[in-house]
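Worksheet: the structure to be examined is printed underneath.
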Amino acid sequence: MRPGHVPSTSVGTDDDLARAVALLAGRRLVALTGAGLSTDSGIPDYRGPGSPGRTPMTYDEFCSGRAAQQRYWSRAFVGWQHMAGAGPNAGHHSLVALERGSVVTSLVTQNVDGLHAAAGHRRLLDLHGRLSEVVCLACQAISPRARLQTRLAALNPTRARADSNDVEIAPDGDALVEDAAEFEIAGCEACGGRLKPHVVFFGENVPRQRVTTATAWVDEAEALLVVGSSLTVMSGFRFVRQAARIGMPIVIVNRGATRGDELASVRVDAGCSPTLGAFVETLLGVPA
């Protein structure tokens, strides 16, 4: 057993919640969040219980040519209506309360929906970027996604009338629509180059500075709280491994198994929002 590591408990019981609270109490926490936190905002996740199999577009595929970019932007154009309308849920607000109460001192999110910022979280790192921005692959200019949406609507008036409520939405904001070949894409307003959402695609590296910042935040914390992540992707799992190496207590809150379960001190197999609400009540002594 690693020095300082607390052995994992069973999952899904009231005792797990009590053990998690006892382990977190009085400690400065760094939180790591994933897609499971945003499901209560109407945004589906990739790997939660009952989630259908998904094959998201990779970075290499996106860069392969116009056909792939048409397919991506035709879907993202309709899906953005749904993503832009989503708001923070009780789980996001509970994390803000824990930050204001000096319990959660930093937060790293794997989500690209921007809901932590919308809820008012301050010391926040968007590890994979945000869908609310686009970047030019040629000149690196960054511009608002909303402005691109207006340009795409003018180029594709028929698709602009599509209702995102009538199509299935994927976790990354895509709408599962067909007929991409006729979709007109827009280039960078500065240089005409190809535009990409300012997020880390599968197969793309997280910018080094973000990894450095997140690593420092884990080092300065006293416990790691993982919320709503299966930890399948190494970009997030690396921080669980870092915490385990230094003997830091690790609490994982997630429905279903995660890649980090063997490293967890306590695993709470439950919904993110109610569990975080319980943390607010017990760690801060105030109603969630």
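Number of residues in segment 218-235 that are over 18 Å from the mean Cα position of the chain (by Cα) and assigned to a loop (DSSP other than H, G, I, E, B): the value is 2.
Of the set (1) modelled with pLDDT of 65 or more; (2) out of contact with any helix residue (DSSP H, G or I) (no Cβ under 8 Å at 6 or more places or on another chain); (3) under 19 Å from residue 56 (Cβ atoms), all apply to residue 206 but (2). Scanning segment 130-138 for residues that are in the same structural domain as residue 235 (by TED's automatic domain parsing), in a loop (DSSP other than H, G, I, E, B) and either over 18 Å from residue 43 (Cβ atoms) or in contact with a Ser or Thr (Cβ under 7 Å, 6 or more places away or on another chain) (or both) turns up nothing.
Sort through 143, 94 and tell me the only one that's in a helix (DSSP H, G or I), at pLDDT 95 or above and of a type in the set (Gly, Ala, Ser). Reasoning before the result, please.
Values: 143 fails: in a helix (DSSP H, G or I).
None of the other options fit; the residue is 94.
Being modelled with pLDDT of 95 or more, out of contact with any helix residue (DSSP H, G or I) (no Cβ under 6 Å at 6 or more places or on another chain), surrounded by 23 or more Cβ atoms within 10 Å (Cβ to Cβ) and of a type in the set (A, V, I, L, M) is a condition met by at least one residue of segment 99-111. Within segment 146-180, the only residue that satisfies the criterion of being at pLDDT 90 or above and assigned to a loop (DSSP other than H, G, I, E, B) is 156.
For every residue, the table says whether it meets (1) in contact with a Phe, Trp or Tyr (Cβ under 6 Å, 6 or more places away or on another chain); (2) closer than 18 Å to residue 124 by Cα; (3) outside the structural domain of residue 101 (by TED's automatic domain parsing).
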residue: 210; (1), (2), (3): no, yes, no
residue: 218; (1), (2), (3): yes, yes, no
residue: 232; (1), (2), (3): no, no, no
residue: 247; (1), (2), (3): no, no, no
residue: 254; (1), (2), (3): no, no, no
residue: 259; (1), (2), (3): yes, no, no
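A single entry from 131, 148 fulfils the requirement of being free of Cβ contacts under 8 Å to residues at least 60 places away in the same chain and under 18 Å from residue 74 (Cβ atoms): 148. For segment 275-288, indicate whether the set of residues that are over 18 Å from residue 25 (Cα atoms) and of a type in the set (Asp, Glu) is non-empty. Checked against the condition, which is being over 18 Å from residue 25 (Cα atoms) and of a type in the set (Asp, Glu), segment 275-288 yields no hits at all. Could you please find all residues in segment 112-133 being surrounded by fewer than 23 Cβ atoms within 10 Å (Cβ to Cβ) and more than 13 Å from the chain's Cα centre (by Cα)? Within segment 112-133, 118, 119, 120, 122, 123, 132, 133 meet the criteria.
Of the residues making up segment 111-129, those that are touching a strand residue (DSSP E or B) at 6+ places or on another chain (Cβ under 7 Å) and not in a strand (DSSP E or B) are 111, 112, 113, 114, 116, 117, 121, 123, 127, 128. Among 279, 202, 239, which is of a type in the set (Phe, Trp, Tyr), in contact with a strand residue (DSSP E or B) (Cβ under 7 Å, 6 or more places away or on another chain) and surrounded by 17 or more Cβ atoms within 10 Å (Cβ to Cβ)? Answer to the check: 239.
Flag set for residue 81, criterion: modelled with pLDDT under 95, within 21 Å of the chain's Cα centre (by Cα) and polar (S, T, N, Q). If you go through segment 245-272 and keep only what is surrounded by fewer than 19 Cβ atoms within 10 Å (Cβ to Cβ) and either in contact with a helix residue (DSSP H, G or I) (Cβ under 6 Å, 6 or more places away or on another chain) or β-branched (Val, Ile, Thr) (or both), you end up with 246, 259.
Of the residues making up segment 268-288, those that are farther than 16 Å from residue 37 by Cβ and touching a residue at least 24 places away in the same chain (Cβ under 8 Å) are 282, 283, 284, 286.
The values are calculated or read from the model by the stated rules, or taken from the named source; none is laboratory data. Everything numeric here is computed off the predicted structure, so don't read it as measured data. Note: ideal-geometry Cβ built from the backbone for every residue, glycine included; neighbour counts use all protein chains shown.
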